[in-house]
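Accompanying notes for the structure given below.
The values are calculated or read from the model by the stated rules, or taken from the named source; none is laboratory data. Being a predicted model, the structure only gives us computed values, none of them experimental. Because the Cβ atoms are built from the backbone with ideal geometry, glycine has one as well, and the counts that use them run over all protein chains shown.
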């Protein structure tokens, strides 16, 4: 009977290649009835199971195939791909390494190995694997795509676009590459080009009968194009795209959230509230709720008076806001918002002659951002530390070369963990993301030397002690700050009102305070 095996395998492989999986599997089973250890039949039944999404069966048959022939690189690679499919990247990586120990020139294994390393956030090693795959097989669009996605994770979007372009040259209607390219263009703020790329990607997703092939993916494309439209100030087009996304994916919290932002900017409060509430409901409907997104949505609802006011803005909200803002932060603040707070704080410190007769030993810039306070702090202190939640902001501050230390941390956590004291703490336009300031004032007291200073700005509330505004920024009253200063052992050395920045067409009043520890 064993002489029938080659004929059966040939028939099975033809059916398999034609997509007739059940007929192919039946033929492979006939082979195994003749020889239960026949490697090709075990391997191919495992591959059919993987194609069907039956990962447990695939794992079982690949394991049996390896017992039959442990020196076949392809079966180790397919086993690794199955582990990757179920999210076990470490086990997948071990399989790819074993495949490459058998065949070091196996381009697919190098590519798949890169994907496992990327899932494990080992990005430099992943890049090396993708590059090795491309050295072995230069016409490999999937490897170009995967290397580009890895570069995106490293915020190297210009280089990523080069890889996506190469992938598209090799595979003209490559939806994934067009989508990824659009995202990198969006991150580089090349919004017109990003819009065109998302549009091309969406056109490619339509089947011959006009239906979208992958609703989840298409919803993400519509949502991202809508976000690009908001940057281009095309609010109506943006709302249309968000609605398309929601129709394709009814529980798409991100689409509801960004639609709500647009309605709020258009001063359509009821529509904004409806979409924020829908976004919150969508986060609760997910199998594993995104707590960070829930906190952000609740914060926006609180700013509109539709939820209790939290003690502070969610850290994830502040981080994402400033990570996205970093590249054009200084220009936007100074040219569009007429931002004056660093200069006002500097003037207040100069009026008090702080650091002019004797350099301070240590100044800490809390929420340093891109380092707009760094230059004048370096002139009055021998050591300057910057603290910020946003890595992208810190990268800009680092380029100024005026800080001795830069720390990525929440300012409350940073101050609580410190044991050393400073002569000066400064917080320019930072307390607008904190509501209740009691804990912060206690930390100011603990971290300052006797006679040390804290200088900060707030937006002024002329009614409540603490007010979360529709702008998602807190305002604080002068009596509230005076009470806290007295409660935590500070004298008010300076307090003044100024136009600190603009919000739309409105000039905002900032309070500039310098407190000295008793």
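Of note:
Residue-wise test of (1) surrounded by 16 or more Cβ atoms within 10 Å (Cβ to Cβ); (2) touching a strand residue (DSSP E or B) at 6+ places or on another chain (Cβ under 8 Å).
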position	(1), (2)
269	no, no
274	no, no
281	no, no
295	yes, no
302	yes, yes
311	no, yes
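- In region 26-41, the residues that are closer than 15 Å to residue 69 by Cβ and in a helix (DSSP H, G or I): 31, 32, 39, 40, 41
- Members of region 414-429 that are at pLDDT 95 or above and under 25 Å from the mean Cα position of the chain (by Cα): 414
- Any hit, region 376-398, residues being closer than 23 Å to residue 440 by Cβ, surrounded by fewer than 16 Cβ atoms within 10 Å (Cβ to Cβ) and touching a helix residue (DSSP H, G or I) at 6+ places or on another chain (Cβ under 9 Å): yes
- The set of residues from region 65-78 being in contact (Cβ under 8 Å) with a residue 24 or more places away in the chain and buried (at least 19 other Cβ atoms within 10 Å of the Cβ) comprises 65, 73, 75, 76, 77, 78.
- Of the criteria (1) in a helix (DSSP H, G or I); (2) under 30 Å from residue 125 (Cα atoms), which one residue 71 fails: (1)
- Picking from residues in region 461-490 that are part of a strand (DSSP E or B) and in contact (Cβ under 8 Å) with a residue 40 or more places away in the chain, the one that is nearest to residue 269 (Cα to Cα) is 468.
Per-residue answers, yes or no, for (1) in contact with a strand residue (DSSP E or B) (Cβ under 9 Å, 6 or more places away or on another chain); (2) within 24 Å of residue 474 (Cα to Cα); (3) assigned by TED's automatic domain parsing to the domain that holds residue 482:
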position	(1), (2), (3)
365	yes, yes, yes
374	yes, no, yes
399	no, no, yes
429	yes, yes, yes
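- Applying the set (1) assigned to a strand (DSSP E or B); (2) out of contact with any strand residue (DSSP E or B) (no Cβ under 8 Å at 6 or more places or on another chain) to residue 458 leaves exactly one unmet item: (2).
- Count of region 267-288 residues which are closer than 21 Å to residue 321 by Cα and touching a helix residue (DSSP H, G or I) at 6+ places or on another chain (Cβ under 6 Å): 6
- Residue 496 being touching a strand residue (DSSP E or B) at 6+ places or on another chain (Cβ under 8 Å), surrounded by fewer than 21 Cβ atoms within 10 Å (Cβ to Cβ) and either modelled with pLDDT of 95 or more or in a loop (DSSP other than H, G, I, E, B) (or both): no
- Residue pairs whose Cβ atoms lie under 8 Å apart, separated by 6 or more positions or on different chains, with the first residue in region 218-242 and within 11 Å of residue 198 (Cα to Cα) and the second assigned to a loop (DSSP other than H, G, I, E, B), are 218/205; 221/205; 223/252.
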